[in-house]
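The values are calculated or read from the model by the stated rules, or taken from the named source; none is laboratory data. Keep in mind that what you see is a predicted model, and the values were worked out from it rather than measured. Glycine gets a Cβ as well: all are built from the backbone with ideal geometry, and neighbour counts include every protein chain shown. We work out accessible area using only protein heavy atoms, side chains counted, and drop any ligands, DNA or RNA first. Shrake-Rupley method; radii C 1.70, N 1.55, O 1.52, S 1.80 Å.
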Amino acid sequence: MITIFTENWQALLTGLGYTLFSSILALFFSLIIGSFFAILEEMPYRILKIIARIYIEVFRNIPLLVVAMFFYVVVPMYVTNINGFTAGTIGLTIYTSAFIAETVRAGIQAVDPGQMEGARSNGLTFMQAMFHIILPQAFKYVIPPLGNQFINLVKNSSVLAFVAGFDLMYQGDIIASTTFDTINTYIIIGVLYLIITMPLSYYMRHLEKKLS
Amino acid sequence: MSDFIAAYSWENIRYLLQGLLVTIEVSVISIIFSFIIGAILGLTRYIKVKRLSAIVGFVIDLIRNLPLLLILFFVYFGLANVGIRLSIFWSATLAMTVFESAMLAEIIRSGIQAVEPGQMEGARANGLTYWQGLRVIVLPQALKKMIPPLVSQFISLIKDTSLATIIVLPELLYHAQLVYGQNTNYVIPMFVALAVMYFVVCYALSLVSRYLERRLAR
Amino acid sequence: MKQFKKISLLFMSLIMVLVIAGCGSKNKADILTTAKETKTINWGVKADTKLFGLMNIKTGKTQGFDIDIADAVTKKILGKDATANFVQVTSKTRIPLLKNGNIDAIIATMSISKDREKQVDFSNPYFAAGQSILVKKESSIKSVKDVNKDGMIVLGVKGSTSVINMKKYAPKAEVLELDDYAQALTALKSGQGDALTTDNGILYGMVKENPDFSVVGGTFTHEPYGIAIDKGQDKFKNQINKALAEMRADGTYEKLLNKWFGDIPGFSVKEASQQ
């Protein structure tokens, strides 16, 4: 098992890098997209609410792997050539954005509705009130769940292995198929995932306890 | 358009439905076993047995923090290494059960913890033993709180079975891949069918969850 | 701090358990003996490869040349009432599955290679696979030599060994690399290239669907398919080789070749059955 690590540490670290990079990119963009749909759903127009609802429900109820495969298989075939890493990260972003939209919406709803009324009666438009008054407060509720979302992203980014996305799991697959030492390779991969997710999840639990 | 009509021939649709059936079979069997195991583990964590609860807690955290894909590999490739050989179907079911048990244990534990501590104290003051108090007073209330997260975990489970396509479990996604692998014109129709089938099953479940939530809130 | 010590101790012990489990030696049963007892051989086969192992959506069964050979070998070794059980594998899962005993043998378009021989044993070749070229039926190209001219465009798949080989066998030709076989075939159809190159087995599958094309000139590399068996199962391997030899002698082998490839232009039984 040690030799697997010493002989492949470069590939393993590259994989870890891609896993983290993909997770961070997906977290960043899904926060933007998720917030967008959350605001859309809180807008006082029925049609916008429905559009946001459809987006959220569709991507919450379809497997991440199907979304990622769609970008890997269909997009290069009919639209433009993208590699596995890009396709996988886009899939990851869209899938996660539906969950983040729900989190952000819950955050917005947790802010006292009187705040919006007060802001509107002071002459602010809906958008101004949303961006200057409501969202800054809502994000206080949104930040802690984002940590857990990031842990999920790191774990979920393993679907990149299905689309040749160079991530940790993909490197593991390659090492396993060249050394034929499947179990020991995946144990190393598991330890590397745990090094990221385990401390983070203990920290998140600690944080949640402190906040409550 | 003609691609869609050809792709949705009865044979192809039937083949996809056969896959969907396997997806549902694996999910249902796993959720039943995981609920039982998860309840035992969750309770063990809650009632704080010396040492044991800490070990159980640690193992649960370990499993929860690994990608499911990796657990699938451990079960599929690893068990045979120690002399246990399972079919693809049962390997997938076992892997899902291991992962879901850890997830459900946490849901069940935090469900019980969410019940006000005063309830147990009241039960004890009224002459009930600890176990009676747990069974009659605390657990029924906890169950109410658990239903929404339990159902959403079941939805995740159905979606996650698609990962087992990597060990060639003949589930929905694998069947769709075989169909479009034989005719590239069927790629888009197959993805549409995949999206629709997964969505219908999962969304229906989330509607059930919402209904239960509303009824129990009364 | 005490908590931390406890956790790290647990963590270490868990890793130890995993390591022991991973390194645990395993005494493997003799496959031939178990197969005779159960009257079954478990074969790892492909489900997505035309002509060799392809899922029939209607029946839900895999079918192809590999399947038929496996079936015939099973019956030769264990008798007429024996069953060949087929487990679908991919290039990723086949060797681990063989190693951990879920399948007894692999017959899945697997080329015999030095690298693989370090891990598994191979039977004698059952299909003389190798690189070849596909052209339009009316094309003047008759072999790979005709492609080695200025201005010729050969289509291949990105990153494949067949593309690298082309630079050796037809250095004058220009190679255009596409993403997958489907795209390469579309490009050949639309005249973006003069020939398409890859394994003959895959090319035959394309011709089957597109009769306007033909595989020409035979193979110019030698990468025959073999049946893979786990190391240390020599008795089983010998039985497989014996069965293959019998099938060649009694005409079963040629009959199966003709069944799957007989109507494909450019296919030659003599070439495919080379040892």
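What the table shows:
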item: Net +/- balance of residues flanking C:V135 in space, Cβ distance below 15 Å, scoring K and R +1, D and E -1; result: +2
item: Cut-off under 5 Å, modelled amide H: who pairs with C:T49 long-range; result: C:L54, C:M55
item: Nearest-ten-degree value, helix A:46-60 long axis tilted from longest Cα axis of chain A; result: 20
item: Hz values of 3J(HN,Hα) by residue in the range C:87-102 - Karplus curve (6.51, -1.76, 1.60), Gly and Pro given as x; result: 10, 6, 10, 10, 4, 6, 8, 5, 5, x, 5, 5, 5, 8, x, 5
item: Crossing angle, helix A:84-110 versus chain A [Cα axis fit, 0-90 degrees, rounded to tens]; result: 30
item: Inter-part distance where the range C:211-275 and the range A:115-168 are each reduced to a Cα centre, Å; result: 59
item: Expected 222 nm ellipticity per residue - DSSP helices of 4 or more, -39500 (n - 2.57), all of chain A, to 500; result: -28500 deg cm²/dmol
item: Pair B:I24, C:K255: separation of 7 Å Cα→Cβ label points (nm); result: 4.4
item: Å² of accessible area per residue within the range B:2-217, as computed with a 1.4 Å probe and no ligands counted; result: 43
item: Accessible area that becomes buried as B packs against C, both chains, 1.4 Å probe, Å², nearest 100; result: 2300
item: Cross-link pairs beyond the 32 Å C-alpha cut-off, checked among C:K75/C:K118; B:K159/C:K46; C:K158/C:K255; C:K80/C:K231; result: C:K158/C:K255
item: Counting DSSP beta bridges with both ends in the range C:131-216, the antiparallel % (nearest 5); result: 55
item: 1.4 Å probe, heavy atoms, protein only - residues of the range A:190-212 losing at least 30 Å² accessible area vs chain alone; result: A:V191, A:L194, A:M198, A:Y202, A:R205
item: In range of the label at C:E174: residues from the range C:132-160 whose backbone nitrogen is under 15 Å from the point 7 Å along Cα→Cβ; result: C:148-156
item: Averaged over C:267-275, number of beta-carbon atoms from partner chains that fall within 10 Å; result: 0
item: Residues losing 40 Å² or more accessible surface upon assembly, the range A:46-72, compared with the chain by itself, 1.4 Å; result: A:E57, A:N61, A:I62, A:P63, A:L65, A:V66, A:M69
item: Label-point separation, A:F126 to C:K61 (7 Å along Cα→Cβ), nm; result: 6.2
item: Chain C, accessible surface, carbon-and-sulfur percent (1.4 angstrom probe); result: 54
item: Sulfur and carbon atoms: percent of accessible area, chain B [1.4 Å]; result: 66
item: Simple Cβ-charge dipole of the protein assembly as shown, Lys/Arg +1 and Asp/Glu -1, about Cα centre, in debye nearest 20; result: 1900
item: Interface A:B - total buried accessible surface [probe 1.4 Å, Å², rounded to 100]; result: 3100
item: Built amide H within the under 5 Å cut-off of C:A195, gap 5+; result: C:I153, C:L155
item: Paramagnetic label zone (point 7 Å from Cα along Cα-to-C-beta, C:D212; backbone N under 11 Å) in the range C:132-155; result: C:136-138
item: In order through the range C:49-57: 3J(HN,Hα) via Karplus (6.51 cos²θ - 1.76 cosθ + 1.60), integer Hz, x for Gly, Pro; result: 10, 4, 6, 9, x, 9, 5, 8, 4
item: Full-stretch length increase - B:W10, B:K50 - with 0.36 nm per residue and alpha-carbon distance subtracted; result: 8.5 nm
item: Cα long-axis angle, helix A:2-42 against chain A (0 to 90 degrees, to the nearest 10); result: 20
item: Charge dipole of chain C about the Cα centre (unit charges at C-beta), most positive-ward option of C:T40, C:T161, C:W260; result: C:T40
item: Given charges at Cβ of Lys, Arg, Asp, Glu: chain A dipole, positive-most of A:T19, A:L153, A:S177; result: A:L153
item: Charge tally in the Cβ shell below 10 Å around A:E41, where Lys, Arg are +1 and Asp, Glu are -1, A:E41 excluded; result: +1
item: Threshold 20 Å² - residues in the range B:178-218 whose accessible area is reduced by that much or more when the chain is no longer isolated, probe 1.4 Å; result: B:L178, B:Y180, B:Q182, B:T184, B:V187, B:I188, B:F191, B:A195, B:Y198, B:F199, B:Y203, B:R210
item: Phi-based couplings in Hz for the range B:99-108 (Karplus 6.51, -1.76, 1.60; Gly and Pro marked x); result: 5, 5, 4, 5, 5, 5, 4, 5, 4, 5
item: Whole-number accessible area per residue in Å² for the range C:119-275, which is evaluated in the context of all protein chains at 1.4 Å; result: 45
item: Pairwise burial A:C, computed as accessible area of each alone minus the pair, summed, 1.4 Å, Å²; result: 1000
item: Rough spin-label spacing in nm, given labels placed 7 Å along Cα→Cβ, for C:S139 and B:F89; result: 4.6
